[in-house]
1. Let's test this: bin the Cα-Cα distances of region B:170-313 at 10 Å from zero up to the farthest pair and state each bin's percent.
2. List the GluC sites (Glu not before Pro) within region B:39-119 that fall in a DSSP loop (any state other than H, G, I, E or B) and whose Cβ has at most 16 other Cβ atoms within 10 Å.
3. How big is the convex hull of the Cα atoms of chain B, per residue, in Å³?
4. Return a whole-number percent for the relative contact order of region B:84-202, with Cα pairs under 8 Å and 6 or more residues apart as the contact set.
5. Show me A:258-267, A:64-73, B:243-252 ranked by packing, highest mean number of other Cβ atoms within 10 Å first.
6. Over region B:147-224, what number does the Rg to Rh ratio reach, with both radii from the alpha-carbon atoms and Rh per Kirkwood?
7. Which net charge results for the neighbourhood of A:Ile222, defined as the other residues with beta-carbon distances under 9 angstrom from its beta-carbon, given Lys and Arg at +1 and Asp and Glu at -1?
8. From other protein chains only, count the Cβ atoms within 10 Å of every residue's Cβ in B:159-167, then give the mean.
Amino acid sequence: MKKYIHNPIKSLTTIAALILICVNSYGQDKKQEISIAIGGPFSYLDYHSAGGKVAGNGFNAGIRYSYYLNEGLSIGISAEYQTYNSSGKFGYLAGQYMATDAEDENFQFRYKASNFREEQKLGYINIPIQLQFETPGTSKLYLAGGFKVGFAVSGTYETRMQYLTTSGYYPQYNVELFSPAFAGFASTDNLKTAKEDLDTDVSYSAIIETGLKQKISDRNWIYIGVYLDYGLNNIYDKDNTKNLIEYHPEQPVQLQYNSIIETPFANDLKLISYGLKLRFAMH
Amino acid sequence: MPVRYSFTYASALPAATVSASGFVNLLRSGQLEITAHQDGDANYLAAADVSQILVIKNNDVTVTSITIGGEVFNNPAKDITYLLECGENNPNISILNNTNATITPSANFIVQTPKPGIYTQNVGITSQDGSTTANYIIRVEKPFGFYDIVKQKFNNVLLVNNNPQTNGGYEFVAYQWFKNGQLIGTGQYYTAGDDVSNVLDPNAVYSVKMTTKDGSVLQTCESVITIQNSLTAKLYPNPVEIGKTLTVEADFPAEDLQNMQISLYTVSGKLIKTVQSSSVITEIQLPQATESNMYLVVLESGSIKKSFKVIVK
């Protein structure tokens with residue numbers, strides 16, 4: 001999916017503009033409502049981790065079409081783009097596993113990292129479906145709830161380590177090599193990895209939103225509310241048994257830095273977002 | 001009547017001399033027979049001769065020399081160490097004493113040296129008269145064959161095998177590495193450097209001294225290093241992005257690296273560029289544009305020719 005949606009915000013804006021034009025031409029159909037909304041700022045990846053986790057910020061922006069079943073009850077479907085941001089933190093992190101070196105000898109690859117911090121950034125296109133109740137009048141209270149399906153359109157992670165030591169332990173010789181660097185054994189200060197892709201799955205969330213709906217002109221309304229989107233499923237349900245730092249004998253000097261999400265260091269990854277939501281609506 | 005003395009002996013040299021007046025001058029160990037004579041005169045007959053055997057024993061424990069293998073230690077110290085030559089085994093030990101002392105275990109014996117290590121033999125010297133003893137400690141050190149205990153890796157690392165299960169039962173706690181007799185490191189392994197071009201010196205001799213858990217210092221024979229080229233080449237990254245740098249790593253012997261030529265072709269066989277290189281790592285700048293989504297990279301160097309496909313994205 002990622003490959004086809006290069007700029008989700010641009011796409012959404014285009015779609016929003018088209019729908020607004022269409023609705024305006026439809027005239028005074030009070031049974032329908034088109035709205036655009038932005039929300040945030042708390043939007044992060046929640047996961048279980050042996051280390052610490054810092055919930056980051058994100059935003060959502062989208063467009064909704066609502067159909068009024070009666071004056072106080074409507075059903076809506078939206079398309080929104082949402083970003084999620086989190087950091088995984090470990091004061092100290094270590095691992096080891098058996099590998100084979102370029103000379104075809106078995107050894108145990110070991111790594112130790114201090115002040116490890118990995119920042120994850122995800123972008124999702126969400127399709128929320130919700131029911132909305134609202135009170136009569138020009139100043140209304142509203143309550144909306146439902147669920148949404150989210151499709152990953154982007155995902156990256158980037159890692160920093162204050163100190164990383166990689167070494168090779170050869171049990172057959174009872175020796176641990178901390179060098180040479182070209183063989184993948186080295187100590188590095190203030191390491192920053194390149195930005196890597198993080199592929200996550202479809203997310204299903206329960207959503208709830210409540211607040212005030214205020215009429216501002218004959219056809220236009222403004223919503224001011226609070227919302228909570230709570231992820232229900234693990235969005236990294238793949239094999240998370242990768243090693244955090246991967247040794248490749250054909251090119252040992254270039255270690256592969258995997259995301260903690262892909263390793264046993266973190267699991268049960270869910271998307272959570274809450275905060276304020278502002279909506280501009282047209283009947 | 002006066003008494004006079006005479007003496008007789010069976011050995012080549014007398015153990016002592018006895019003057020006529022009876023003064024005995026001890027010269028060496030051995031035995032002699034001293035006879036007392038009392039001659040008669042006009043009034044008396046001569047008395048019958050009386051003889052007595054005199055045994056002289058030595059208290060000297062001097063060891064003149066100790067010979068171990070081919071080396072002679074003259075006037076040896078009480079504690080001597082002999083380092084076996086590489087390949088030498090089970091040296092013969094001879095202890096030379098000229099004073100008839102008793103040597104334990106014996107004046108000639110063999111020290112069995114089945115594996116590298118230090119073999120200690122105590123030698124006791126007891127003087128002929130039993131009054132004096134001396135003790136000598138003879139240490140025979142059998143060195144390791146260099147590659148019996150050292151493993152070479154990546155043409156860059158020399159490491160000491162410290163696994164008792166695979167090294168013959170040794171447990172080392174300290175190390176000293178030598179290159180041409182100069183100390184170059186004190187770790188369990190020595191590395192020539194962090195870069196792939198830092199290889200061990202094939203023109204030098206290396207050795208290592210190892211201290212065992214019980215404090216003995218063992219050493220290896222000196223050895224030259226043979227650089228092993230895998231004769232392989234690597235290209236990375238693959239796939240590579242247009243306009244980026246492609247790295248070629250050729251693990252060829254130095255003589256083959258001379259005048260190495262790296263050529264890039266398109267899939268249709270059109271030559272894009274040729275680079276001359278004589279180093280292990282060569283970086284090739286790819287052109288900014290290409291109609292090909294794959295390059296053929298050909299390495300030619302002496303007798304070696306290798307070709308690779310690189311995907312361009």
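1. With 10 Å bins starting at 0, P(r) equals 10, 30, 21, 15, 14, 7, 1.
2. Within region B:39-119, the qualifying GluC sites (Glu not before Pro) (loop, at most 16 other Cβ atoms within 10 Å) are B:Glu85, B:Glu88.
3. Each residue corresponds to 176 Å³ of Cα convex hull volume.
4. Reported relative contact order: 17 percent.
5. Top to bottom by mean Cβ count within 10 Å: A:258-267, B:243-252, A:64-73.
6. Values: Rg = 12.3 Å, Rh = 12.7 Å.
With Rh from the inverse mean 1/r over Cα pairs, Rg/Rh is 0.96.
7. Spelling it out: positives minus negatives among the neighbours equals +3.
8. Working: counts 6, 3, 5, 3, 6, 1, 3, 4, 3.
Across the residues of B:159-167, the mean count of other-chain Cβ atoms within 10 Å is 4.
Every number in this text was worked out from the coordinates using simple rules, so none of it is lab data. The model shown is predicted, which means the values in this text are computed figures rather than measured ones. Because the Cβ atoms are built from the backbone with ideal geometry, glycine has one as well, and the counts that use them run over all protein chains shown.
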